[in-house]
Structures are given as structure tokens and as C-alpha cells.
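Okay, structure first, notes after.
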Amino acid sequence: MKWGMDIVGKLPAAPGGVVYMLVLTDYFTKWVEVGAYQQVRDTEVRNFIWKNIICRFGVPKEIVTDNGSQFISFDFKNFYDKYAIKLSFSTPRYPQANGQAESTNKTIVNTLKKRLEAEKSQWAEKLPEILWSYRTTLRRSTGETPFSLVYGSEAVIPIETRLSTARSENPNEEQNNLELSFELDHLDERRDRAALRTQSYQQQVARHYNKKVNVRVFKLHNWVLRRVFQNTREEGTGKLGPTWEGPYQITDVVRRGAYKIRGLDGRERHNSWNALHLKQYHF
């Protein structure tokens, strides 16, 4: 199993003072688990993964996340080493590297906005129904609901209890058992079809993305400028401040389109940076 992990916040303070969401999404089924916290330290992350992922779905093979301090601490490293979990880091300022988590976050936050309107501080209380809706809705990439790919059958949703359906009108235990057995017997086939749909969908997205984006290529020791983001902009400069900062020197090619950089002060900058947010600098 491969999971994407991310932290969303700060959000409006909810009862209990919680202002952050820790979000984990299974790359294949799109099943999502979310926790609400006052602060998200490595302790909270370890406990959440243990209780909500390992104890319910088994040990993940890989978790993809960013380079947050919670995920690179000594204690957290011991945790994923203990369970032989591969921890992969996405490139800063490049959501496609952890696209599954970013996509889930966007869906959940947008749904919260629509549901809450003026009562933004109630987001934590609404999380269970938001997650229920997400888990029982068809995902475009798989053609299935996360619930069905995890449990082998569709959930009985609230509206179904008020409508005439085969499940609600004919509650026959023997027939129900036969239908459930049939669905479970064919679960592997559904998952195989979902895997093929996901692969096809990813190829379509990649083709569309590659048509629009020309990835810049830099060589070792090239000098570049780095894009300035809102949270790294100098205080008081606002939108009128510089768009680029630097120069920085390329010190390592991590992989195609991802680079390590060093400033004029000789200090290596933490994390790797995507080529989309670097541009050539000429002295």
C-alpha cells in the first residue's frame, strides 16, 4: 500500500482548539483518513499512522509526504524503520510530486467551505460526514468508490433507507449472504479494472500536463534564481515585492527536474527544488 500524507492548516479554531488536519490517502483505493489537532508533531503523526492506518489496513509499503519537521525527526525515522515503511519526500512547491494528498486536501477543504458557510469554526465536527461523502462517491480515476474498493461492496447510504431498493425492500439474510459472497469473489476483478482505469487516467493527465509545461533543465554548478512565494516573501513587501531571489548554485541533480541549491553565503538550502520554480541566472 502506498499512502500520501499531508498537513492542512492553520484552519479556523474549532472546539478543543484544533486548527490542523493530518490527511492520509491511499493511492489506489483513494480511501482517506483525517485527524484534527491543535498541533501536529511527530508524536501525533506516529500515533495516527499506528491507530488509523496500521491497525486497520496493515503496514504501508510507502508513505509520500513533504519535508516537514514532523516527518524527518529522529523518533519518526525510528518508527518507519521499525515497520520497514519507505518514506518518500516530495519536492517543495511541486504539488504533483504528492498529487494524491494535494488532490484529497483540495476536495475536503472545498467541501468544508460549501457545507459550513459562515460557521467555519465547526469544521472538525463536520469531518465525519465529509469523509463519509468522500468515501462513498465515485472517483473519476478508478470508476469506483473508495468504500467499495476497500470493503468489497457499496455502503448503504442514508437516502437509500427512504427509497425502494432491492437491499431495503427485500432484507433476506440468505440472499444477502449470497450477494455479498458474489461481490467478494469478484472484488479482485473490480480492483484490477480500477487499476487499469487509474493507469489510463494518469497517462491522460500526464499528456495534458506535458503539453502545457516545458521543464527547465539545469546542469551542475549552473546559477539560478528561485521563485519567491507568499510565505517566504519579506514582511512588508506584499505583492509588489520581487518575484525571484538569489542567485543560487546547483549543487546536485536529485532527479529530472529536481535540484539541490546553495546560496552565495555557501549554505546549502534545505530540501530539493523543482525546476518549475527556478530560472537561469546570468552574472
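Listing for the model above:
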| quantity | calculated |
| --- | --- |
| Estimated vicinal HN-Hα couplings, Hz - the stretch 27-33 in sequence order (Karplus 6.51, -1.76, 1.60; Gly, Pro = x) | 4, 7, 7, 6, 5, 10, 10 |
| Pair Val217, Tyr151: separation of 7 Å Cα→Cβ label points (nm) | 5.0 nm |
| Cβ-Cβ FRET estimate between Leu196 and Glu129, R0 fixed at 22 Å, reported to 0.05 | 0.10 |
| Sorted by Cβ density within 10 Å, fewest first, the residues Val34, Val156 | Val156, Val34 |
| Förster-model FRET efficiency, 35 Å R0, Val254 and Asn52, C-beta, rounded to 0.05 | 0.70 |
| Amide proton proximity set for Trp244, modelled H, under 5 Å, gap of 5+ | Val228 |
| Length added when fully stretched, Thr136-Glu245, from 0.36 nm per residue minus Cα-Cα | 34.7 nm |
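Readers should treat all values here as calculations from the given coordinates under stated rules, not as data from a laboratory. Worth saying up front: this structure is predicted, and the values here are computed from it rather than measured. Positions of Cβ are generated from backbone atoms using ideal geometry, with glycine treated the same way; all protein chains shown enter the neighbour counts.
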